[in-house]
Structures are given as structure tokens and as C-alpha cells.
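The values are calculated or read from the model by the stated rules, or taken from the named source; none is laboratory data. Not measured: the values here are computed from a predicted model. Virtual Cβ from ideal backbone geometry, glycine too; neighbours counted across all protein chains shown. For accessibility, only protein heavy atoms count, side chains too; no ligands or nucleic acids. Shrake-Rupley method; radii C 1.70, N 1.55, O 1.52, S 1.80 Å.
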Amino acid sequence: MVSSNSGGKDDSPRDGGDMEADPSASESCLFSEGEKVYAYHGPLIYEAKVQKVEFRKGEWKYFVHYLGWNKNWDEWVIKDRLLKFNKENAQKKKALTDDQSTEKNTKSGRSTQNKPKSSNDAKADKEDTKNNATRGKKRKVQSGVEEKDKGSSEKLMNIEIPLTLKKQLVDDWEFVTELGKLVKLPRTPNVDNILKKYLEYRTKKDNKIAESIGEILKGLRCYFDKALPVMLLYKEERKQYRELVIDNVSPSTVYGAEHLLRLFVKLPELLAYVNMEEDASAKLQKKLFDFLKYLEKNQSSFFLSTYDGSKSYSDTDEE
């Protein structure tokens, strides 16, 4: 009941006034719609396909789909994130993947803020030498089977949500879906403020700079910004999101504890794609629970007791 789905990601450039009529005056378009490319995401490179191309604010932007991954990861990127699909860049992709694997052998479970590595990347590299006529179809089938097997065979991380926060989630659901009321935005404190407050709290309590906590909080912020338009909004909130989160504004500077708490319902599903040792997973689980206890402790100051109900956002329009 507490989970939600936005019905599709909607973070494309929307303001027609920002579109430039004559892009030829600035720079040439390096990639075209339908072109297969390599795309940087975090420290690694993935195979992707350009789905849309737009010229906005003096530069070309490309909407890419990462091949073999759920469309929820689709995003707009600039040219610096893309590489031509050729042998030279294939070697660069392989080298980065090998380096990352070596680092993980010495530092397991290091970061949760990068895009999870596909379980069939190694097989995909081997398939590069196979017949192109059969390669795409075969890889698509393998990806679907492996992701299904992974989801069914691996146990999801159990993130225990305190009872008072569970009630908060239920109230949140009722306000939005049953009463047609929305969280008044922007929120104070916002997600960024809350994460910074928690880092200060842990640093003071531990009497030292909690670097590992800082990395986890960066990961939470990254997951929140990425997941909010995809899986943390009810349909009644989509119009509000489109009107307030514009021009590359980070959702974590607009939304507050109400939507941050929804992320913890989805985190086990998201973290299932992260290659993490059992010990590192247990430590992360413990630290996430500590953060939830901090939210519970500050529930009266972080969460709204009632929602706005502004009709300016209540009339939802399906895309």
C-alpha cells in the first residue's frame, strides 16, 4: 500500500522557451537518434542506445537507454557522457570494468551511489565477437532470464522500518490518494538538510568525522534524486513534480522527509542489483536502520502533520 509508481520517467527538457532554433551556430550533433553508443554511468561504461536528441541551452542533449536494463534508468546526458560504438571504446569499457572488479576485491561494498553492474556484462563482452545478426537477440533473452533468476534467488535486504514511521507511510498514502492532499513544496527541511543534519549528529556522537556514513548519505541522495520521479510519486503528485523540478533542480532540494521515507520501502529492491559482500550488506543494513531511528526521533520536526491539499496540483493529467 505504501509503494507507488510514477508511470514513467519524465525528466526531459520541457521548457520550449529554452530551445534554440539554430543549433548549427554552436556545435554539431555528434550522435543521432537510434544510434548505438557507449555511455558513462558513474565510473563504468555501458552499452546504450540514443532514443531522443534535443538542442537546449547551447548544447546537444541525448536521451539514452542502457541496453539490458530497465527503462527506469533511461536519462538525458550530454556529449561528454557518450562514446562512439567502436573497438577502441570497447577496449576502454573492458579496462574500466576490469579495474572496478580489482578494486572490489580489496574494498567490498564501497559505494551504493553508482549504477549497479549488470550481471551479464562479462558474457556481453565475450559475445562481441559473435555474429551480429544473432548477438542482439541472444543477449536480450539472456538479460531477461538472468535478471529474473537473480530476483528470485537472492534474498532482498531487510530494512526494518520503525512502527511509528510505518504509520507515517500509511498516513502519507491516505493524504495523497484518499484525501487528494499533497505535501506543500518546497519542504523545509528538505532531504539535503536532513542528510546533513544526520551527518553532523553522527560526527558529534562518534566524536570523529564519519567518512563511511558520509558515503552512505551521498548514495542515499543519489538514489533519491534518481528514484523519485520513477517510483516514489503517486500519480496525483506528477503535475506538482513537473512544475517544481525544472532546469536540473535536484529533487533532494525540493522534497522532504515524507518522500525520503518512501525511498526506504524501495531500497531493498534497488540494492538487490549492487554487488555486495554479506558482511558489508549487514553493516549497511545496520546503518540504514540507525538513520531511520534518527528520523523517528525527529519525526515531529521533520514530517508534516497534515498536507496542503492545494487544488492547483490536484488535477492530475495522464501522459
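Data for the structure
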quantity	calculated
Residue-by-residue Karplus 3J(HN,Hα) for region 159-173, coefficients 6.51, -1.76, 1.60, Hz, glycine and proline x	9, 6, 9, x, 4, 5, 6, 4, 5, 4, 5, 5, 4, 4, 4
Accessible surface, per residue, of region 158-201 when the full set of protein chains is kept, probe 1.4 Å, Å²	54
Potential extension, residue 286-residue 70 segment - 0.36 nm per residue separation minus Cα distance	74.9 nm
Rough spin-label spacing in nm, given labels placed 7 Å along Cα→Cβ, for residue 91 and residue 178	6.3
Rounded percent of accessible protein surface that carbon and sulfur make up, region 150-209, 1.4 Å probe	52
Positive minus negative residues near residue 191 (Lys, Arg vs Asp, Glu; Cβ under 14 Å)	+4
Pairs beyond 21 Å (Cα-Cα), from 93/287; 196/239; 208/283; 61/196	93/287; 196/239; 61/196
Ranked by how many other beta carbons lie within 10 Å on average, peptides 291-297, 163-169 from highest	291-297, 163-169
Neighbourhood charge, 12 Å Cβ-Cβ cut-off, centred on residue 178 and excluding it, Lys, Arg +1 and Asp, Glu -1	-3
